[in-house]
Amino acid sequence: MKVSMMKLADLKRPEKNCRIHTDRQLKEFKRSVEMFGQIRPIVVDETNTILCGNGLYEALLEMGKTEASVLKRTDLTEAQKKKLMLADNKVYTLGTDNLEVFDEWLRELGDVDIPGYDEELLETLLAETPEIDELVTDYGNFTESSVNSMKRHEEAHAAGNFGPSAAPAAQSEETPIQNQNAPETPPEGSYVVCPNCGHHIPVR
């Protein structure tokens, strides 16, 4: 496999692309390139039309780059080119995260500046406060107020009105209720996820 440097101006976008690249994805591509450089080549055919790496190509252009590492494949039929484009976009999504190792590495790094991840979410995962520890330890009993709040969010979500504009839950007397009646819809605001059953526990 021979990878060579080519000018981005010599590369061509495909007439049709089976992947839509969002602004957020391009932003994360740029963060990755800034942090690690180009770690995989753009794949093109004999006409320099991009088969794999369209998002990376767009990100490099936005960064003002003029060259990129490129792998040229001149041995593919038109059908094989389409299959390659489809496979490249799908195969990597079939894996699943090893959450145990993810948590171990995240705590070992103590750094949330990781391309592709939301920093605020990672900071939440790293948080170890008495409030969160108490919620996880006491998980099994929710107050009626907490349950009503989650139910209202579930109803708002079903009505297409889930978000900051959803009406706040009515205040009610603090009466313990068993968690088996708690809905699965994530509550608005801060919450932790129970590692055993996956329920969302609001942080008050």
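The values are calculated or read from the model by the stated rules, or taken from the named source; none is laboratory data. Keep in mind that this is a model prediction, so the values were computed, not measured. Here the Cβ is made from the backbone with ideal geometry for all residues, glycine too, and neighbour counts use every protein chain on show.
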Can you work out which of the residues in the stretch 109-126 that are within 28 Å of LEU56 (Cβ to Cβ) and part of a helix (DSSP H, G or I) is modelled with the highest pLDDT?
LEU109
Among (1) free of Cβ contacts under 8 Å to residues at least 12 places away in the same chain; (2) part of a loop (DSSP other than H, G, I, E, B); (3) among the basic types (Lys, Arg), ARG24 falls short only on (2)
Close pairs (7 angstrom Cβ cut-off, 6 or more residues apart or separate chains): surrounded by 12 or more Cβ atoms within 10 Å (Cβ to Cβ) in the stretch 84-111, part of a loop (DSSP other than H, G, I, E, B) anywhere
LEU84/LEU76; MET85/CYS18; LEU86/CYS18; ASN89/CYS18; ASN89/ARG19
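Tally up the residues in the stretch 68-97 that are modelled with pLDDT of 95 or more and within 28 Å of the chain's Cα centre (by Cα), please. Show your work before the answer.
Residues of the stretch 68-97 modelled with pLDDT of 95 or more: 68-87.
Imposing the further condition that a residue be within 28 Å of the chain's Cα centre (by Cα) reduces the set to 68-71, 81-87.
So the count comes out to 11.
Yes or no: the stretch 51-61 includes at least one residue that is touching a strand residue (DSSP E or B) at 6+ places or on another chain (Cβ under 7 Å) and on the phi > 0 side of the Ramachandran plot. Break it down stepwise before answering.
Taking the stretch 51-61 as the starting set, the residues that turn out to be touching a strand residue (DSSP E or B) at 6+ places or on another chain (Cβ under 7 Å) are 51-53, 56-57, 60.
Now drop any that are not on the phi > 0 side of the Ramachandran plot, which leaves 53.
There is at least one residue in the stretch 51-61 that is touching a strand residue (DSSP E or B) at 6+ places or on another chain (Cβ under 7 Å) and on the phi > 0 side of the Ramachandran plot.
Can you tell me which residue among THR77, THR66 is surrounded by fewer than 15 Cβ atoms within 10 Å (Cβ to Cβ) and without any contact (Cβ under 8 Å) to a residue 40 or more places away in the chain?
Details: THR66 fails: without any contact (Cβ under 8 Å) to a residue 40 or more places away in the chain.
Checking each option against the conditions leaves just THR77.
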